[in-house]
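Q: Below: one structure in structure tokens.
The values are calculated or read from the model by the stated rules, or taken from the named source; none is laboratory data. Since the model is a prediction, treat every value here as computed from it, not as a measurement. Cβ coordinates were reconstructed from backbone atoms using ideal geometry, including for glycine residues, and neighbour counts include every protein chain displayed.
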Amino acid sequence: MLLTLLVSEVKRDGRFIAYDNGTVRDTQTGLMWAAKDNGKNIDWRLPTQDELHGVYNSGAGYPAACDSDFNLKITGLIRLTCLFPWASETRGSVVAAYVLFNLGIRHWRTPSTSRLARSLRLPVGRLNENTITAMILLKAPKPYGRFVMMR
């Protein structure tokens, strides 16, 4: 099933473009991210650790909502509530991959930690300036409570 939606650009930050539907496009990769974490769309998948690391930007940033002593190194158009979002990779049922957005470090850990970001999403496909074409995808497994998701 193919769905076409018209959206309007609301803001730019370097290679990122924010749209009025709550998404942010990365013009370098063609990937579309949710503008905020903890979203509810069930048809989005978890990003890979490489995709997450791809939006890390050591020259950008804002204080983490969970602890203002830490600066999240990501465009201000994508808002994370805490330090690291989960990626799709897991090692059995014990550990999951993430990217620590204050340092740009890729790492693995048990999902029972308190410094979690929530659902951040990203649709697959290349986009035109004013049209988003989104395909309905298979849902990613959700073995851990809070995730960074992508479509």
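Q: Output the qualifying pairs, or none if there are none: Cβ atoms under 8 angstrom, residues six or more apart or on different chains, first residue in the stretch 58-82 and among the aromatic types (Phe, Trp, Tyr), second residue surrounded by fewer than 16 Cβ atoms within 10 Å (Cβ to Cβ) and not in a loop (DSSP other than H, G, I, E, B).
A: Correct list of pairs: TYR62/ASN71; PHE70/PRO63.
Here's the yes/no breakdown for (1) part of a strand (DSSP E or B); (2) surrounded by fewer than 16 Cβ atoms within 10 Å (Cβ to Cβ); (3) at pLDDT below 90:
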{"site": "LYS11", "(1), (2), (3)": "yes, yes, no"}
{"site": "THR29", "(1), (2), (3)": "no, yes, no"}
{"site": "GLU51", "(1), (2), (3)": "no, no, no"}
{"site": "CYS82", "(1), (2), (3)": "no, no, yes"}
{"site": "SER88", "(1), (2), (3)": "yes, no, yes"}
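Q: Just a yes or no: is a residue in the stretch 127-150 modelled with pLDDT of 90 or more and either among the small types (Gly, Ala, Ser) or touching a Cys at 6+ places or on another chain (Cβ under 8 Å) (or both)?
A: Pass one, the stretch 127-150, residues modelled with pLDDT of 90 or more: none.
No, the stretch 127-150 contains no residue that is modelled with pLDDT of 90 or more and either among the small types (Gly, Ala, Ser) or touching a Cys at 6+ places or on another chain (Cβ under 8 Å) (or both).
Q: Which count do you get for residues in the stretch 16-27 that are closer than 15 Å to GLU51 by Cα and assigned to a loop (DSSP other than H, G, I, E, B)?
A: Residues in the stretch 16-27 being closer than 15 Å to GLU51 by Cα and assigned to a loop (DSSP other than H, G, I, E, B): 1 in total.
Q: Continuing with the same structure: Take the residues of the stretch 53-64 that are surrounded by 15 or more Cβ atoms within 10 Å (Cβ to Cβ) and not hydroxyl-bearing (Ser, Thr, Tyr): which is nearest to THR90 (Cα to Cα)?
A: HIS53
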